[in-house]
Each structure stands twice: as C-alpha cells, then as structure tokens.
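Note sheet for the following structure.
The values are calculated or read from the model by the stated rules, or taken from the named source; none is laboratory data. As the structure is a computational prediction, the values presented were derived from the model and not from experiment. Every residue, glycine as well, gets a Cβ built from its backbone with ideal geometry; the counts of neighbours run over all protein chains shown. Remember, those area values only see protein heavy atoms, side chains included, never the ligands or the DNA or RNA. Shrake-Rupley method; radii C 1.70, N 1.55, O 1.52, S 1.80 Å.
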Amino acid sequence: MVHVVQLLVSPVHRYSGRPAEGPSADPVGGLVQHIRVRRHLGIVGDRYFAQPAHRDASVTIMASENLPTHIAPAVGLQQTRRNILLRGVDIDACIDRIVELDTGDGPIAFAVNRAARPCAWMDAVIGPGAQRALRGKGGVRCTPLSDGVLRVGEADFRVVGPRDRR
C-alpha cells in the first residue's frame, strides 16, 4: 500500500535570491490535509497553478524514502518544497510514465515528465550535504491529466502506461 505522507501548497516561491540570505516568508501556505488538482493547471492555490511556464511541471511528487533524514531527521515537504510526499513507491523510476493516485475521491492521473533536481537551497534549509544526497532522487515534475482531490493517508497507486511524448 502507498501512503500520502504530506501535501504542500505554497502560494509564494520561498527560495529566491541567495541561500545564505534564507528563505522568504510563506504567510499562508504550507502543509495541508488535502489538495484540489486541476487538469493541466496544477494544484489550486499553489505558486505554479495555471502558470504557462510551469504547465509540464506544475506538480512535484517525491518519495519519503529518499528524504535525507540522516542530515535532518524531521525533513519533509516544507524544506524540499515538493507538493506530494509518498511512502511505498519509487516515484523517481516513473519518469516518462503516466501514473494514477487515488486517496478515496477517485484517481488522478499525472504525466511524470522529468526529475525535480535539487538546488543549493537544500543545503541551506536542510543541512550541508542535502543537495548531494537528493541528486537522482529529489522527486519528479508532473502534469496533472485529470481533476480531483488528494488527501493525506492511504492511497492506491498504479502505473497506467508510457507518457505520450507529443
């Protein structure tokens, strides 16, 4: 069984400028118990929702097994700034696939487009060595292919097939 461990909606981009200056405030965003996903637009309320430059990467999904807990035991989505944290699936192995995730309100399909590469901010907000620890396992950037709601808790996960490259 797959488990949705955390969900994050962030209306502002917290990691801009230089990591040494620290992240910007996130006055209203953060961890939530459910998210509303819109086809080809992203997560309602998130900074990348309906942004043309981010349509193929509006949702980021990460495996909790890849978090650098040896550097910071309590690390999660608030530091990595990914949207969906899953336990029990190697999401990084699903690049160029279509996957479905269902937490009880019906399946939501995602085209898994590419790796979400960790940046220098990871060392600043998680701890020294975090960027290197997340290379190749920092999650994936996706396009939602259907509308729906995801909730924290148990989930059904399946790989539907290859992603259409057109």
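Structure values in brief
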read-out: Size of charge dipole - the chain - debye, nearest 20, with Cβ of Lys, Arg +1 and Asp, Glu -1, no other charges; value: 520 debye
read-out: Placed amide H near Val160: partners under 5 Å, 5+ positions off or other chain; value: Ile98, Val99, Glu100
read-out: Gained length - Arg38 relative to Val159, 0.36 nm times residue gap less alpha-carbon distance; value: 41.6 nm
read-out: Where labels lie 7 Å past Cα in the beta-carbon direction, separation of Thr69 and Arg117 in nm; value: 2.9 nm
read-out: Accessible surface of region 38-155, 1.4 Å probe, proportion on carbon and sulfur as whole %; value: 47 percent
read-out: Probe 1.4 Å, protein heavy atoms only - accessible area per residue of region 47-105 in square angstrom; value: 42 Å²
read-out: Amide proton proximity set for Gly139, modelled H, under 5 Å, gap of 5+; value: Ala63, Ala116
read-out: Where labels lie 7 Å past Cα in the beta-carbon direction, separation of Ile95 and Asp56 in nm; value: 1.3 nm
read-out: The chain, relative contact order [Cα under 8 Å, separation at least 6], %; value: 31 percent
